[in-house]
1. Counting just the Cα atoms, what span does the range 442-518 cover along each of its three principal axes? Round to the nearest Å and put the largest first.
2. Please identify the GluC sites (Glu not before Pro) of the range 486-553 that satisfy two criteria: DSSP loop assignment and at most 12 other Cβ atoms within 10 Å. Which are they?
3. Multiplying the sequence separation of Lys192 and Asp90 by 0.36 nm and subtracting their Cα-Cα distance, what value in nm do you get?
4. In vacuum, with every alpha carbon of the range 109-213 counted as one equal point scatterer, what does the Debye formula give for log10 I(q)/I(0) at q = 0.13, 0.21 Å⁻¹? Two decimals, please.
5. Please identify the chymotrypsin sites (Phe, Trp or Tyr not before Pro) of the range 29-129 that satisfy two criteria: DSSP loop assignment and at most 16 other Cβ atoms within 10 Å. Which are they?
6. When DSSP assigns beta bridges and you keep just the ones with both residues in the chain, what percent turn out antiparallel, to the nearest 5?
7. How big is the dipole moment of the chain about its Cα centre under a simple scheme where the beta carbon of each Lys and Arg is +1, that of each Asp and Glu is -1, and everything else is neutral? Debye, nearest 20, please.
8. Treat the count of other C-beta atoms within 10 Å as a stand-in for reagent exposure and order Asp528, Asp280 from fewest to most.
Amino acid sequence: MSATVSRPSAATHEVRNQPPPLEDYNPYLGDRVLVDAVRREGGAAYEDRLTALGARTGSAEVLAWGAQASENPPKPKTFDRFGHRIDEVDFHPSWHAMMRLATGAGAHSLPWTDPAPGAQVARGVMMMLLGQAEPGHLCPTSMTFAAIPALRTTPELAAEWEPRLMSSDYEPRLDPPGGKHSALSGMAMTEKQGGSDVRANTTRAERLGGDGEYAITGHKWFCSAPMCDVFLVLAQTEEGISCFLMPRILPDGTRNEFHLQRLKDKLGNRSNASSEVEFDGAWARILGEPGRGVRTIIEMVNHTRLDCTLGSAAGMRAATALAIHHCSHRSAFGKLLVDQPLMANVLADLAIESEATTLSALRLARAYDEAAAGDEEAASFKRVATAILKYWTCKRVPMHAVEALECHGGNGYVEESGLPRLYREAPLASIWEGSGNVQCLDLLRALARDSAALELYLAEVDAAAGGDPRLDAFVGSLRGELSDFDAAEHRARRIVERLALALEGSLMVRFGLPASADAFCAARLAGDAGLAFGTLPAGVDTRAIVAHHAVAA
């Protein structure tokens, strides 16, 4: 006798109490904090471009590209089918689509092709919008942008390469110079034995003759974006560490002695290729003065550190928007999560961190605009603020990402939610372009060379004096601590943290939502909160903060 098995009813497959996907929205227009900051920091002339890019980066199509690029990491292709060494990297079509979108928008070049006031701010927002869709492609975008200041130390090379690096075309094939209009730049600095201590590098550069030509031999432990057309490379010469421009394809059309050893299997940033490479007498031309390679490349590094801060702001905004969206549509225990006091506390805390990071990142971008226009005080401010904000904002992202993930419950731990990708990406910016300790030591060196820079930084903080007594007390305590630099290296992280909080607090008091500023001062400056997100003290208007940071219709 056979048993009768009943089929499950359709009711068991009815989908209820799940949020709709957050897609086909504009992450520029939908972010009130961002729109206000762009107008305040001088980028209003670019709003039409930012609005158009926001419409693309928030579309279901582009968000799908971001997921696909991460799910299909690049693959090394060291030989062609005939056995010729080619040292190339294969990417999923979604990667190329993201790169085409970024270069077409000018995220790799805007301040150089249109050096008007606000260009750095607008370009920074482009990076934030693109990063919310897919952060990995920002690596070659950032390095191509940041290579220009280093190139300009050698006008002949700048004249040759700038037009290609600034091109809005995206042509991923490797061609000889003149074979295509565009180019992308990568970077090869660190080695096994030194890491951030590039003066310990053993890669050697041997002079070939006139015109600054060298043959470079050595191994690079990290070479960022090995698929690019040209690289900034550090190597030892008789004069010391020097900087070089190394093309992948030589002027005669042959391939340079640039050999791909492997692609790194990374925690995150999986859509992007990071590699180990070997140079076997690779041809390159010197940039800047022999023996002054660190000084030559430092402007590139400073611009990419700015991008680390912008990337942190992008990650926080994406995580905050997703968490608020989810909790605004998901119910538990009889009411929406967003209406439950404890969850509202968590969401508001995530929101004020995102708001403070956005305000500080775009204030820093404005300093780059002003410094480029010849403002020496802005140049000093950006020199110290870059290290301070790169350290602090990048330190905050991992904790922020995991808390936003938890707001989604089990769904947040599932790849399809997008939260695991944000979480894996979060630690990268803290490591790339110098870890936290490097930033702290860099700040101490900068202050030793330019004692006035600290006062310029504190003058920016003091613009909010009298706006909130908790901020005033915090800044007063900070000034007392800064008056004594004994054992400064031992205390460097504490010093940098407090400098960052002072600037963020000042910006929040002056320009933030009043409820956000109140919560920030209570939780970050007065110490009236716990260490976890979601421990804002009683009396904070969490409802107003969450509503302000929800994606605007």
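Throughout, read-outs are computed from the coordinates displayed, never taken from laboratory work. Here the structure is a predicted model, which means the values were calculated and not measured. For neighbour counting, all protein chains shown are included, and Cβ atoms are generated from backbone atoms with ideal geometry for every residue, glycine included.
1. If we take the Cα atoms of the range 442-518, the spans are 37, 20, 18 Å.
2. Passing sites in the range 486-553 are Glu489.
3. Taking 0.36 nm per residue and subtracting the Cα distance, the gain is 34.2 nm.
4. -0.65, -1.26
5. In loop regions of the range 29-129 (DSSP not H, G, I, E or B), the sparsely surrounded chymotrypsin sites (Phe, Trp or Tyr not before Pro) are Phe82.
6. 90 percent
7. In debye, rounded to 20, the chain gives about 980.
8. With the sparsest Cβ surroundings first, the list reads Asp280, Asp528.
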